[in-house]
Amino acid sequence: MPQHARAALNSIATIYKRMGGYEQASRIYARVRSQQHDAGLRRDEAVTLHNLGRARLMLGKWGAARADFSGCLALSEGLHYTRGEAYALVGLAAVDNAAADPNGALRTLVKAEELQRRTPDARLDAQIQLARGTALRQLQRGAEALSALEQSEAVFKQANSLEELAATY
């Protein structure tokens, strides 16, 4: 039952990520991604690459996170998986923000917003607003940043998404 085993491992990695065990989550996600790749499960692999990128982002491994999000984007584009493309772009914008390139983040977020309009997803929109608010804050555009962050806060509160809510605050 290899598919069930991969799903269980993926869930374990997600639990580690939610508890702040980003290193352990990264190791498990990388293992699962390799198995998904070998099994030809491209959409699953794209999602796992996104999760791996988020964990590596939290570890401050910007280059590895960028590579993961770029891989997610390439797979998602090949599959015409719009939601996956948008999430990958938000991840790339988060890397740009972490690397002190807020203008790059804002350019990337324009593309993410275009895709998000084709696949309504409140959490995705909130993540876009969080990344936008972060970039605008770096550019010292406080009023605009606050507006974007307030939009993301409302969604994250409703979803009880503590990690994202903490980032918003």
Straight-line reach from K111: which aspartates and glutamates fall under 20 Å, measuring Cα to Cα and dropping same-chain residues less than 8 apart? D68, E77, E85, D96, D101, D121, D125, E144
Just to confirm, what accessible area per residue do you get for the chain at 1.4 Å probe, in whole Å²? 52
Hey, what angle do you get for helix 22-38 against the long axis of the chain, alpha-carbon based, 0 to 90 degrees rounded to 10? 60
Between E23 and E77, what's the calculated FRET efficiency when r is the beta-carbon distance and R0 is 25 Å? Round to 0.05. 0.25
What is the percent carbon and sulfur in the accessible area of the chain, measuring with a 1.4 Å probe over the protein chains and ignoring ligands? 52
Want the number for K157 to A67: 0.36 nm per residue separation, take away the alpha-carbon distance, what's left? 29.4 nm
Over the range 65-169, what is the relative contact order in whole percent, taking alpha-carbon pairs under 8 Å and six or more residues apart? 20
When the chain is treated as a Gaussian network with springs between alpha carbons less than 10 Å apart, the largest mean-square fluctuation among T108, T82, T119 is found at T119
Once the dipole of the chain is set up from charges on Cβ (+1 Lys and Arg, -1 Asp and Glu), the residue from the list T14, S34, M58 lying farthest towards its positive end is S34
Charge dipole magnitude, Cβ of K and R +1, D and E -1 - the chain, Cα centre, debye nearest 20: 300
When only C-alpha pairs under 8 Å and at least 6 residues apart count, what is the relative contact order of the range 1-155, in percent? 14
Any chance you could give the angle, 0 to 90 degrees and rounded to 10, that helix 102-118 forms with the longest Cα principal axis of the chain? 70
Hey, could you get me the Stokes-Einstein D for the chain, Kirkwood radius over alpha-carbon pairs, 10 °C and 1.306 mPa s, rounded to whole µm² s⁻¹? 99
Dipole moment magnitude, nearest 20 debye, the range 1-56 about Cα centre, only Lys, Arg, Asp, Glu C-beta charged: 140
Treating the angle as unsigned and between 0 and 90°, give the value, to the nearest 10°, between the Cα long axis of helix 2-18 and the longest Cα principal axis of the chain. 30
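The values are calculated or read from the model by the stated rules, or taken from the named source; none is laboratory data. Computed from a prediction, not measured in an experiment: that's the story for all the values here. All Cβ positions, even for glycine, are placed from backbone atoms using ideal geometry, and neighbour counts span all protein chains on display. When the accessible area is computed, the model is the full protein with side chains, heavy atoms only, and any ligands, DNA or RNA have been set aside. Shrake-Rupley method; radii C 1.70, N 1.55, O 1.52, S 1.80 Å.
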